[in-house]
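Participant: First, the structure itself, so that you have it in front of you.
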Amino acid sequence: MPSVTSRTGSSIGVPVAPFAAVRSLADLEAAVARLGTPAVLKSADFGYDGKGQHKLRSPADVAAAWQAVGRGLPAGPDPPPRPPPPPGAALTP
């Protein structure tokens, strides 16, 4: 989910970067189609100091980044097999 700061700022009219809450790969693909790239996918849990964040340079990066966010791994073309990401992540262009 988007951070409390983003949600609160947005709700009271403070300018924030466009964002979308995503809970599935399909949600992420739709958000990238709507917001465009480059974008940053941020984990809803345990993300800090750049950890749990993955830059999407093009729509081709979406699947690897989605898998990596759930694993706490850097995004890459061949991440090792592991369970899907936890529900809830945020995409920020």
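The values are calculated or read from the model by the stated rules, or taken from the named source; none is laboratory data. Quantities reported herein were computed from a predicted structural model and do not represent experimental measurements. Please note: Cβ atoms are built from the backbone with ideal geometry, for glycine as well, and neighbour counts cover all protein chains shown. Just the protein is used for accessible areas: all its heavy atoms, side chains included, with ligands, DNA and RNA removed. Shrake-Rupley method; radii C 1.70, N 1.55, O 1.52, S 1.80 Å.
Participant: I'd like the full set of residues that are part of a strand (DSSP E or B) and open to solvent by less than 50 Å² (accessible area, probe 1.4 Å), limited to the range 30-46.
Facilitator: Ala39, Val40, Leu41, Ser43
Participant: Here is a further query. Any residue in the range 48-59 that is among the small types (Gly, Ala, Ser), surrounded by 14 or more Cβ atoms within 10 Å (Cβ to Cβ), modelled with pLDDT under 70 and not in a strand (DSSP E or B)?
Facilitator: Taking every residue of the range 48-59 in turn, none turns out to be among the small types (Gly, Ala, Ser), surrounded by 14 or more Cβ atoms within 10 Å (Cβ to Cβ), modelled with pLDDT under 70 and not in a strand (DSSP E or B).
Participant: Which pairs have Cβ atoms under 8 Å, sit 6 or more apart or on different chains, and link a residue in the range 4-29 that is assigned to a helix (DSSP H, G or I) to one that is surrounded by fewer than 10 Cβ atoms within 10 Å (Cβ to Cβ)?
Facilitator: Hits for this filter: Gly9/Pro15.
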